[in-house]
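The values are calculated or read from the model by the stated rules, or taken from the named source; none is laboratory data. What you are looking at is a predicted structure, and each value in this text was computed from that prediction instead of being measured. Positions of Cβ are backbone-derived with ideal geometry, glycine not excepted, and every protein chain shown enters the neighbour counts. Surface areas here come from the heavy atoms of the whole protein model, side chains and all, with no ligands, DNA or RNA. Shrake-Rupley method; radii C 1.70, N 1.55, O 1.52, S 1.80 Å.
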Amino acid sequence: MNRRTFLKIIGMGSLAFAPACTSRPEKNLFSYVQSPEDMVTGKATWYASTCRECPAGCGILAKNREGRVIKVEGNPLHPINLGKLCMRGQASLQGIYNPDRIKKPLLKKTDGWQVISFEEALGILKERIVKAADGGQGRIHMLTEAVGESLITLFREALRKWGSEPPLVFEPFAYESLKAANRQVFGLEGIASYRMEEADFLLSFGADFLETWLSPVEYARKFRKMHALNDGKKGFFVQISPFQSLTCANADLWLSCSPDAEVVVGLGLMRETLHLGKGKSLPDDLRPALEEISSPYTKEKVLQLSCIDLDVYERLIARLQEARKPLVLGTGTAGCGENSLRVNMVANLLNAILDPDLALVDFRRRHRVEMAAKRSEVLAFFERLRSEPGGVLLLNHVNPVYALPPSSGVADVLKKDPLFTVSFSNFMDETTVRASLILPVSLPMETWDEYSGTSEIVSMVQPAMASLTGAPDLGGLFLRLAFGNESPAKTYQDYVYTRLVSSGGIKDERGWVRMLREGGIFEGGSLKK
């Protein structure tokens with residue numbers, strides 16, 4: 001007997017032995033009693049949708065098999081990620097099957113949580129909202145994550161109907177210093193995107209664009225193109241920061257400076273570039289002002305304050321002078337405070353000096369995360385709740401108790417008895433556990449919506465599977481709560497469709513089907529009138 005025959009016999013014996021060891025072998029195959037029209041048993045179906053794990057809004061393709069999503073990949077047609085997807089996007093479907101997912105509404109009682117039905121929860125919430133609205137103006141409050149234009153419009157309409165202020169958008173990393181720098185230097189109330197792929201020299205003062213900064217999949221793709229060998233040349237990347245991040249590890253040159261010394265290096269580079277003749281097309285009153293501000297930061301002063309080496313600093317100056325299309329980025333995702341604001345302002349001014357046309361800064365295509373409120377506005381929001389008598393607080397997938405420092409007092413505000421707090425969360429986090437009512441809603445892969453990570457496009461969110469828990473979608477829930485029989489649309493899907501038609505994004509159902517197939521409108525799409 002040779003070895004191959006021996007292995008065959010052993011394998012056959014194992015297969016015969018395994019069923020005999022099972023007391024109740026499973027012989028049944030289960031399928032839908034009424035399966036979806038597009039479902040074919042044994043064949044996977046792909047749905048184009050949008051990732052909602054972060055505000056970037058990458059396009060995804062969700063693989064559905066036998067009615068369940070089993071894999072997520074990037075949508076190659078989507079302009080933000082062009083088929084690529086980060087680890088958070090790849091793991092997004094795990095939230096659907098997480099054993100800790102809240103499957104039914106929970107009402108807080110003195111002795112713990114009481115499980116109730118979705119209809120009961122909706123009735124309790126509606127009663128509380130009507131009672132609060134009848135008690136006076138501004139009694140309904142809402143804190144929400146960054147959402148699409150359709151959903152934020154619906155929130156505003158509902159709160160206006162209840163006599164309350166629009167919702168406040170909360171994002172732990174709101175890029176406040178970058179927004180403030182853009183406003184002061186460019187006059188832009190928001191966050192522009194960057195044409196990094198067109199640059200031949202990239203200078204960053206800590207922006208971690210390969211990790212979490214703005215849209216990491218998008219900028220990782222652009223950086224790869226910028227850094228690739230083309231006609232024997234490749235772009236050069238310099239990172240100036242006190243520590244080495246993942247982005248910094250991919251730099252061609254790292255200037256390890258002292259903490260908070262990035263602004264010193266930036267002002268020194270501004271002085272050197274102005275002395276080398278750059279920025280001659282700047283406004284007549286701006287160039288002398290910049291020369292005056294940067295004049296104290298000589299090479300000696302910069303080296304003394306930043307603790308970087310002279311030869312490395314001179315190499316950076318030479319590279320910056322030789323660059324034809326340089327691009328300068330500011331601080332990282334967590335950058336905040338006065339120093340971060342100064343660094344971002346210096347980065348913007350360097351871009352204006354090195355590239356007067358600002359050809360690599362795209363002001364038309366802006367990141368949606370710019371809609372997030374300032375930290376001071378969020379703190380003032382909770383301070384008002386502390387002093388106001390009761391009301392209803394609606395929380396949409398936010399966790400301020402975790403994201404804000406304990407000194408903010410958010411946890412104490414949520415403990416107020418007159419305040420009825422409702423969390424639309426699917427998981428028991430630090431904020432949800434303090435809610436009066438937990439009303440889980442459908443996850444993004446189970447519902448209709450739209451969300452665009454940047455302006456000039458409309459990215460579709462469509463259900464890749466039926467709701468696993470039977471939870472309602474948040475848009476449909478607000479239509480019922482605020483409008484009842486006078487609802488502007490029968491379902492939230494109809495609401496989104498109507499807004500797309502009225503805004504000119506699509507003309508008819510044919511355009512709708514094409515949008516669902518491709519994952520959105522990627523040329524001149526917008527839901528803002």
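Each row is one residue, and each column tells you yes or no for (1) in a helix (DSSP H, G or I); (2) at pLDDT below 95; (3) under 37 Å from the mean Cα position of the chain (by Cα); (4) not β-branched (Val, Ile, Thr).
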site	(1), (2), (3), (4)
Gly268	yes, no, yes, yes
Leu274	yes, yes, no, yes
Gly277	no, yes, no, yes
Leu282	no, yes, yes, yes
Leu290	yes, yes, yes, yes
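Tallying residues that are open to solvent by 20 Å² or more (accessible area, probe 1.4 Å) and outside any loop (DSSP other than H, G, I, E, B) within the range 237-261 yields 4. If you go through the range 157-186 and keep only what is among the polar types (S, T, N, Q) and buried (at least 18 other Cβ atoms within 10 Å of the Cβ), you end up with Ser164, Ser177, Asn182. Of the residues making up the range 433-450, those that are without any contact (Cβ under 8 Å) to a residue 40 or more places away in the chain and part of a helix (DSSP H, G or I) are Val433, Arg434.
The test for being more than 25 Å from the chain's Cα centre (by Cα) and either under 30 Å from Leu282 (Cα atoms) or at pLDDT 95 or above (or both) does not hold for Arg183.
Considering each residue of the range 354-387, count those that are acidic (Asp, Glu) and surrounded by fewer than 16 Cβ atoms within 10 Å (Cβ to Cβ), and give that number. Lay out the reasoning, then the answer.
Going through the range 354-387, the residues acidic (Asp, Glu) turn out to be 355, 357, 362, 370, 377, 383.
Now narrow it down to the ones that are surrounded by fewer than 16 Cβ atoms within 10 Å (Cβ to Cβ): 357, 362, 377, 383.
Counting residues in the range 354-387 that are acidic (Asp, Glu) and surrounded by fewer than 16 Cβ atoms within 10 Å (Cβ to Cβ) gives 4.
Contact annotation: residue pairs with Cβ atoms under 7 Å, 6 or more positions apart or on different chains, pairing a residue in the range 497-519 that is free of Cβ contacts under 8 Å to residues at least 60 places away in the same chain and surrounded by 11 or more Cβ atoms within 10 Å (Cβ to Cβ) with a partner that is among the polar types (S, T, N, Q) and part of a loop (DSSP other than H, G, I, E, B), are Ser503/Ser526. Residues that are part of a helix (DSSP H, G or I) and charged (D, E, K, R) within the range 311-358 comprise Asp311, Glu314, Arg315, Arg319, Glu322, Glu338, Arg342, listed in sequence order.
Glu127: open to solvent by 20 Å² or more (accessible area, probe 1.4 Å), in contact (Cβ under 8 Å) with a residue 60 or more places away in the chain and of a type in the set (Asp, Glu), yes or no? Break it down stepwise before answering.
Numbers: open to solvent by 20 Å² or more (accessible area, probe 1.4 Å): yes; in contact (Cβ under 8 Å) with a residue 60 or more places away in the chain: no; of a type in the set (Asp, Glu): yes.
Spelling it out, it is not the case that Glu127 is open to solvent by 20 Å² or more (accessible area, probe 1.4 Å), in contact (Cβ under 8 Å) with a residue 60 or more places away in the chain and of a type in the set (Asp, Glu).
Among the listed residues Asp134, Asp100, which satisfies the condition of being open to solvent by 30 Å² or more (accessible area, probe 1.4 Å) and touching a residue at least 60 places away in the same chain (Cβ under 8 Å)? So the residue among Asp134, Asp100 that is open to solvent by 30 Å² or more (accessible area, probe 1.4 Å) and touching a residue at least 60 places away in the same chain (Cβ under 8 Å) is Asp100.
Looking at the range 457-489, which of its residues are open to solvent by 20 Å² or more (accessible area, probe 1.4 Å), part of a loop (DSSP other than H, G, I, E, B) and closer than 23 Å to Leu394 by Cα? Hits for the range 457-489 are Ser467, Thr469, Gly470, Pro472, Asp473, Ser487, Pro488.
Going through Gly266, Gly337 one at a time, which residue ends up being surrounded by 23 or more Cβ atoms within 10 Å (Cβ to Cβ) and among the small types (Gly, Ala, Ser)?
Numbers: Gly337 fails: surrounded by 23 or more Cβ atoms within 10 Å (Cβ to Cβ).
One residue alone meets the criteria, Gly266.
Scanning the range 187-206 for residues that are open to solvent by 50 Å² or more (accessible area, probe 1.4 Å), closer than 17 Å to Arg366 by Cα and not small (Gly, Ala, Ser) yields Glu189, Arg195, Glu197. The combined condition, being free of Cβ contacts under 8 Å to residues at least 40 places away in the same chain, open to solvent by 10 Å² or more (accessible area, probe 1.4 Å) and either over 23 Å from the mean Cα position of the chain (by Cα) or farther than 30 Å from Glu272 by Cα (or both), is not fulfilled by Asn351.
In the range 210-236, which residues are assigned to a loop (DSSP other than H, G, I, E, B), in contact with a strand residue (DSSP E or B) (Cβ under 7 Å, 6 or more places away or on another chain) and within 17 Å of Asn351 (Cβ to Cβ)? Step through it out loud before you land on a result.
From the range 210-236, those assigned to a loop (DSSP other than H, G, I, E, B) are 210-215, 228-229, 231-232, 234-235; that's our starting set.
Checking which are in contact with a strand residue (DSSP E or B) (Cβ under 7 Å, 6 or more places away or on another chain) leaves us with 214-215, 235.
Selection gives Leu214, Gly235.
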